[in-house]
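The values are calculated or read from the model by the stated rules, or taken from the named source; none is laboratory data. These numbers come from a predicted model, not from an experiment. Don't worry about glycine lacking a Cβ; one is built from the backbone with ideal geometry, like all the others, and counts go over all protein chains shown. Ligands, DNA and RNA are excluded from the accessible area calculation, which covers all protein heavy atoms including side chains. Shrake-Rupley method; radii C 1.70, N 1.55, O 1.52, S 1.80 Å.
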Amino acid sequence: MKKALVIVSFGTTYERARRSIDAVERALAQAAEGYDVFRAYTSSIVRKVLKSRGEIVPSLEEVLEKLANESYDTVFVQPTHLLCGNEYDEKIRASYMRYAGRFLRGGIGKPLIANNDDLLKLAEILAALKPDDADALLLMGHGTTHFANMVYPAMQTALRLQGHPNVVVGTVEGWPTLENAIDELRALGAKHIELRPMMLVAGDHAQNDMAGDDADSWKSHLTAAGFDVHCTVEGLGELEDVQRLYVEHLKAELKKNNKKNHALPA
């Protein structure tokens with residue numbers, strides 16, 4: 001029996017940021033003993049840039065085609081994505097379903113935040129990142145046009161209900177916005193702000209949109225608004241507690257591997 005685990009990420013062109021992906025991949029590989037492990041990226045732009053540098057990272061479909069041709073009968077896919085948004089629906093689940101019939105067993109693991117339990121666990125992990133000498137921790141999420149964007153305001157609510165009102169969430173491309181976050185920080189009376197990405201990797205958004213020196217960065221906007229800002233450019237994937245959440249999702253999926261490919265309609 002040939003068994004494969006495909007770990008699929010959005011990807012990054014920043015070498016330093018790749019440490020987050022590498023760390024999650026190592027944790028997942030250790031949890032899938034006996035499985036051959038493969039990497040895939042969903043971002044065609046990232047794959048193109050890496051190819052221009054001489055590095056080939058396949059898409060999920062390319063990996064699945066390879067595994068089908070090499071007669072793998074058990075294939076699981078574990079995303080490292082944050083939520084069940086457009087990437088998960090259109091580039092992971094849709095791709096897997098096109099190939100699921102070619103594998104005897106397999107399935108798709110959940111992204112980092114897939115239900116209330118995930119949300120609450122991650123909220124506690126994030127709250128612990130606030131330094132004692134900071135008045136508030138501001139987390140920069142990506143945001144999305146997908147309905148899954150509701151994860152971000154839900155995270156803000158979870159943090160408050162867990163007793164962490166000084167941990168504030170904003171997004172680059174969704175809601176809440178940076179302006180919403182600044183209003184929250186002012187309402188808290190916060191002056192000294194710790195700013196971190198709420199993303200798997202500290203890639204372009206974290207390096208430039210969050211911590212960049214140009215006038216449009218979050219750091220610059222916050223400084224102009226009168227806050228003292230310290231940036232920590234570190235992806236969530238570098239946190240061992242976050243790695244464990246991904247492993248929990250994979251293990252839950254592997255347990256379903258009994259009789260048939262459960263990703264197929266019953």
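Going by average Cβ neighbours within 10 Å, how do the peptides 149-158, 131-140, 44-53, 184-193 rank, with the highest at the top? It would help to have the intermediate numbers written out before the result.
Values: 149-158: 19.7, 131-140: 18.1, 44-53: 13.1, 184-193: 15.9.
Highest mean packing first, the order is 149-158, 131-140, 184-193, 44-53.
Computed from label points 7 Å out along Cα-Cβ, the spacing between GLU179 and ASN116 is 3.3 nm. Within the listed set ARG19, ARG196, ARG98, the residue fluctuating most in the Gaussian network model of the chain (springs between alpha-carbon atoms under 10 angstrom) is ARG98. Distance between Cα centroids, the stretch 1-62 to the stretch 203-239: provide it in whole Å. Computed from Cα coordinates, the inter-centre distance equals 26 Å.
Extending 7 Å from Cα along the Cβ direction at ASN69 and again at ARG39 yields two label points whose distance is 2.1 nm. Taking the 1.4 Å solvent-accessible surface of the chain as the whole, the part contributed by carbon and sulfur is 50%.
A straight chain from ALA215 to GLU62 at 0.36 nm per residue would run longer than the Cα-Cα distance by 51.0 nm.
Listed by chain and number, the aspartates and glutamates whose C-alpha is less than 16 Å from the C-alpha of LYS121, apart from same-chain residues fewer than 8 away, are GLU240, ASP241, GLU248. When ARG18, ARG93 are compared by accessible area of protein heavy atoms, the largest-first order is ARG93, ARG18, using a 1.4 Å probe.
Database remark: amide H of VAL229 closer than 5 angstrom to the amide H of ILE193 (H placed geometrically; neighbours at sequence offset of 5 or more, or on other chains; Pro and chain starts carry no H). Counting only protein heavy atoms and a 1.4 Å probe, the stretch 1-97 has 45 square angstrom of accessible area per residue.
For a straight C-alpha distance cut-off of 16 angstrom, the lysines reachable from LYS251 (same-chain residues fewer than eight places away being disregarded) are LYS3, LYS110. Which shape class, rounded, prolate or oblate, goes with the stretch 25-116 when its Cα gyration tensor gives a ≥ b ≥ c as root eigenvalues, a/c under 1.5 marks rounded, and past that a/b bigger than b/c marks prolate? In terms of gyration-tensor shape, rounded.
A simple spin-label model places pseudo-atoms 7 Å from Cα toward Cβ; at VAL233 and ASP133 they are separated by 2.1 nm. Dividing the alpha-carbon radius of gyration of the stretch 150-266 by 2.2 N^0.38 Å (N being the number of residues), what value is obtained? For the stretch 150-266, the normalised Cα radius of gyration comes out at 1.35.
Here LEU104 and ARG160 are evaluated by their C-beta separation; at R0 = 35 Å the FRET efficiency comes out at 0.15.
Counting only DSSP H runs of at least 4 residues, each contributing -39500 (n - 2.57), and dividing by the residue count of the chain, the helix-based mean residue ellipticity at 222 nm comes to -11000 deg cm²/dmol. With the cut-off at under 14 Å, measuring from each backbone N in the stretch 1-35 to a point 7 Å along the Cα-to-Cβ line of SER52 picks out 13-14. Can you return the lysines within cross-link range of LYS191? Criterion is Cα-Cα under 16 Å, with same-chain partners fewer than 8 residues away left out. Partners within reach: LYS130, LYS219.
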